[in-house]
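Novice: Below is a structure I'd like to ask you about.
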Amino acid sequence: TPICSELSGRKDPLPLVLPGDTLDAWRKRAAGWRKVSDQILGSLSDAAPVQLRHEPLGTIYRTDKYTMRRYRYSLTDEEWGYAWLLMPTHRRFTDAAVLALHQTTVAGKGEAVGLDITPEASPGLFYAIELAERGHVVLAPDAIAFGERQADHRNAKYRSADEFFAAQPHGSVMAKMAFDPSRALDFLQKLSETSARRVACI
């Protein structure tokens, strides 16, 4: 059944904020958008962890302009997320950070932070480094099925699509790819070194 919304048949997207908008008006419009996205994405059985856990893993890598360290943090009470945290030597904003999502690549977060570079790669692919060099705190996480969360990696929760859909019969991978960055934001806000109240996402 086709799903119709106020965007159906329009060439340009609707503005998120209209002139003179109030918070209540925005919430009412957002509820309508959420209804459509829920129909498309389905619903996950996953829930945010009762208590967010996180821990650094391995060595801190240092350059003149930033340090980089690998972390794991709880996506749910049973699943870990993995990410590189880049901390600039000279921080541009004390309360802001950037969530650097990777493209569809086996390397996952490794590409965004420049650990998986080939000579023909566009410099824009390892943009987390550029942002850190410009003074931004950057978190580059792995999406489900990439990097340390690939089916054959020891850290992956799901070993196959069958396992994922058995656990998420009413959900979708796209819904999981929206849920997981929300937990990365929770981690960024809880981590004392970042204390990020404002977050950009690329």
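Novice: Provide the solvent-accessible area of I144, counting protein heavy atoms only and rolling a 1.4 Å probe, rounded to the nearest 10 Å².
Specialist: Accessible surface of I144 is approximately 20 Å².
Novice: Read phi for every residue in segment 95-106 and hand back ³J(HN,Hα) as whole Hz from Karplus 6.51 cos²θ - 1.76 cosθ + 1.60, θ = phi - 60°, with x for Gly and Pro.
Specialist: 10, 10, 8, 10, 8, 9, 7, 8, 7, 6, 8, 3
Novice: Using helices alone, what [θ] at 222 nm do you get for the chain, with -39,500 (n - 2.57) per DSSP H run of 4 or more residues, divided over all residues and rounded to the nearest 500? Could the numbers behind the result be given before it?
Specialist: Working: 5 runs with 55 residues, N = 202.
Estimated from H runs of four or more residues: -8000 deg cm²/dmol.
Novice: Distance between the C-alpha centers of segment 23-45 and segment 121-160? Whole Å please.
Specialist: First find each Cα centre; the distance between them is then 28 Å.
Novice: Please report the equivalent ellipsoid semi-axes of segment 139-184, computed as sqrt(5 x eigenvalue) of the Cα gyration tensor, largest first, in whole Å. Don't skip to the end; give the middle numbers.
Specialist: Details: eigenvalues 57, 45, 8 Å².
Largest first, segment 139-184 gives 17, 15, 6 Å.
Novice: Under the definition of Cα pairs under 8 Å and six or more residues apart, what whole-number percent is the relative contact order of the chain? Working shown, then result.
Specialist: Numbers: 338 pairs, mean separation 45.2, N = 202.
Normalised by residue count, the contact order of the chain is 22 percent.
Novice: I'd like the carbon and sulfur percentage of the solvent accessible area for segment 7-80, probe radius 1.4 Å, heavy atoms only, ligands and nucleic acids excluded. Please list the in-between numbers first.
Specialist: Numbers: 2940 of 5410 Å².
The computed percentage sits at 54.
Novice: Amide H of Y66 versus every other amide H placed in the peptide plane: which residues, excluding those fewer than 5 positions away on the same chain, fall under 5 Å?
Specialist: Correct list: T89.
Novice: Follow-up question, since we're still on this one. If you take all C-alpha pairs in segment 31-122, what percent of them are over 22 Å apart? It would help to have the intermediate numbers written out before the result.
Specialist: Working: 2084 of 4186 pairs.
When all Cα pairs of segment 31-122 are counted, 50 percent exceed 22 Å.
Novice: Ok, one more. Specify which labelled value, from [x] 31, 18, 16; [y] 29, 23, 18; [z] 56, 17, 10, agrees with semi-axes √(5λ) of the Cα gyration tensor in Å derived from the coordinates of the model shown.
Specialist: Answer label, from the structure shown: [y].
Novice: Can you give me the accessible area per residue for the chain, using a 1.4 Å probe, in Å²?
Specialist: Working: 12030 Å² over 202 residues.
The answer is 60 Å² per residue.
Novice: Compute the Cα gyration tensor for segment 103-202, then decide on rounded, prolate or oblate, letting a ≥ b ≥ c be the square roots of its eigenvalues: rounded whenever a/c is under 1.5, prolate when a/b is larger than b/c in the other cases, and oblate in all that remain.
Specialist: oblate
Novice: From the phi of every residue in segment 187-202, what ³J(HN,Hα) in whole Hz does the Karplus formula 6.51 cos²θ - 1.76 cosθ + 1.60 yield, where θ is phi - 60° and glycine or proline is x?
Specialist: Coupling constants for segment 187-202: 4, 4, 6, 7, 5, 5, 5, 9, 5, 8, 9, 10, 10, 9, 9, 10 Hz.
Novice: Further question on the same structure: Using only Cα atoms, find the angle between the long axis of helix 23-41 and the longest principal axis of the chain, and express it within 0 to 90 degrees, rounded to the nearest 10.
Specialist: 90
Novice: Which percent of the accessible heavy-atom area of segment 134-181 goes to carbon and sulfur, probe 1.4 angstrom?
Specialist: That share works out to 58 percent.
The values are calculated or read from the model by the stated rules, or taken from the named source; none is laboratory data. Remember, predicted model here, so these are calculated numbers, not experimental data. The protein model used for the area step is the full one, side chains on, heavy atoms only, and it has no ligands, DNA or RNA in it. Shrake-Rupley method; radii C 1.70, N 1.55, O 1.52, S 1.80 Å.
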